Amino acid sequence: MNAADTAWIMVATALVLLMTLPGLALFYGGLVRARNVLSIFMQCFSIAALMSVLWLLFGYSIAFGDANGYWGGLGKFALLGITPDTLSGSIPEIVFFGFQMTFAIITPALIVGAFVERINYGFVMVFTGLWMLLIYAPVAHWIWGGGIMADGGIWGAVGTKDFAGGIVVHETAGLAALVLALMIGPRAKRTTPPHNPGMVAMGAGLLWVGWFGFNGGSELAADGVAGMAITVTHISAAAASLSWALWERIKFGRASMVGLVTGTIAGLASITPASGFVGPIEALVIGFAAGIICQEFVVLIREKLHVDDSLDVFAVHGVGGIFGTIMIAVFGHGSFVAQLGALAVVGVFTVAGSWVLAMLVRLVFPLRVSDEHETNGLDLSTHGERAYDMNS
């Protein structure tokens, strides 16, 4: 065991959890109407709790077990046989388990942004739980767990390069979000502005800081690669923030604060797969391009395809993760065959699997709330609470 590596991954674990609680909850919560903000908090916190239990029981074993190249099996069910002295590389396996658990939390939580203000809470819980076990965990095994897409797998000696989750996290969450947005249909009111842009900015700031643990921690060591990963993460986020705002200014005559911080997230998502391979100038290029590309996909999805992916999960996370994954090969740090092949295989698997899961779950739990509940807001109609009581 290396004490420095262990200490850093423990800190990184806390940083990644910070991204969901409260970072993502605040970011998404500020973007919806005031009558739905508590439903976002409820979904994010509930997903964090549910994924933690499922990751302990089954998810970790499926993703990082050693049954075969397609799935990890159940040999590590409930961490049986793993003690404080059991190592994974240079750190205790229990620390590695905790770090990866935070990834299993935030990935399904990202999907929440696609169906806000109209989703049935029971559907969210059952779908995301099954999705993490049957979509996310197998993909994590294929790429990170020594599975079929790792070095020496189906792509040959040079396998898929995904340092911190461009494919495993962002492509899967983005595509699942797009599938559910198409299935559930648009909100009754799509043009209502964010109820609290300040909350959006606070959430984005927490995500930015937490992303240092997300990308820097993925080196699983306290070394120069981790330091570079943190640096390029910051540079990409900064460049995408500026390019998104500049592109807004050119197109619409003014730059918005919500746009600026959405650009921040686009830059963070785009650098994620490449953060362990590229340098600062390459990160600058990735971030600057991501701010424009992701913004154009927002326009394409919303205005041209008329899909109500409410908080732009696919356009920002999905497109950003895919773009960053391709740029690894463009900059010569990976194989085009392995990068594009993995994107295609995981993309088809995620779309088909997410659709099948959603169709099955909706047989038991309605996908969408009633028109009355949507009009009144999910906070009161589903949870019996208000975020703001002006009379108290």
Evaluate the stretch 242-254: report whether one residue or more is more than 18 Å from Phe214 (Cα to Cα), crowded, with 24+ Cβ neighbours inside 10 Å and touching a residue at least 40 places away in the same chain (Cβ under 8 Å).
-> yes
Looking at (1) aliphatic (A, V, I, L, M); (2) without any contact (Cβ under 8 Å) to a residue 60 or more places away in the chain; (3) over 30 Å from Val200 (Cβ atoms), can you tell me which one Ala49 breaks?
-> (3)
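Given the criteria at pLDDT 95 or above and open to solvent by 10 Å² or more (accessible area, probe 1.4 Å), does Leu207 qualify?
So Leu207 does not fit the description; no.
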Selection within the stretch 121-156 - more than 15 Å from the chain's Cα centre (by Cα), open to solvent by less than 20 Å² (accessible area, probe 1.4 Å) and of a type in the set (A, V, I, L, M, F, W, C) | Phe123, Val124, Phe127, Ile143, Met149, Ala150
Listed residues Ala164, Ala173; which is within 26 Å of Pro22 (Cα to Cα), in a loop (DSSP other than H, G, I, E, B), out of contact with any Gly (no Cβ under 6 Å at 6 or more places or on another chain) and touching a residue at least 24 places away in the same chain (Cβ under 8 Å)?
-> Ala164
Could you list all residues from the stretch 157-170 that are open to solvent by 30 Å² or more (accessible area, probe 1.4 Å) and among the aliphatic types (A, V, I, L, M)?
-> Ala157, Val158
Counting only residues in the stretch 378-392 that are among the charged types (D, E, K, R) and either outside any loop (DSSP other than H, G, I, E, B) or in contact with a helix residue (DSSP H, G or I) (Cβ under 7 Å, 6 or more places away or on another chain) (or both), the one nearest to Ala188 (Cα to Cα) is identified as Asp379
Candidates Leu340, Leu360, filtered to the one that is under 30 Å from Ala157 (Cβ atoms), open to solvent by 60 Å² or more (accessible area, probe 1.4 Å) and in a helix (DSSP H, G or I) = Leu340
Mind checking which residues of the stretch 312-336 are closer than 20 Å to Gly259 by Cβ and open to solvent by 20 Å² or more (accessible area, probe 1.4 Å)?
-> Phe314, Phe323
Criterion: under 26 Å from Thr160 (Cβ atoms), open to solvent by 20 Å² or more (accessible area, probe 1.4 Å) and in contact (Cβ under 8 Å) with a residue 24 or more places away in the chain - qualifying residue of Ile271, Ile293, Ile286 | Ile293
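The values are calculated or read from the model by the stated rules, or taken from the named source; none is laboratory data. Since this is a predicted model, take the numbers as computed values, not measurements. We place every Cβ from the backbone using ideal geometry, glycine too, and count neighbours over all the protein chains shown. Calculation scope for accessible area: heavy atoms of the full protein, side chains included, ligands and nucleic acids excluded. Shrake-Rupley method; radii C 1.70, N 1.55, O 1.52, S 1.80 Å.
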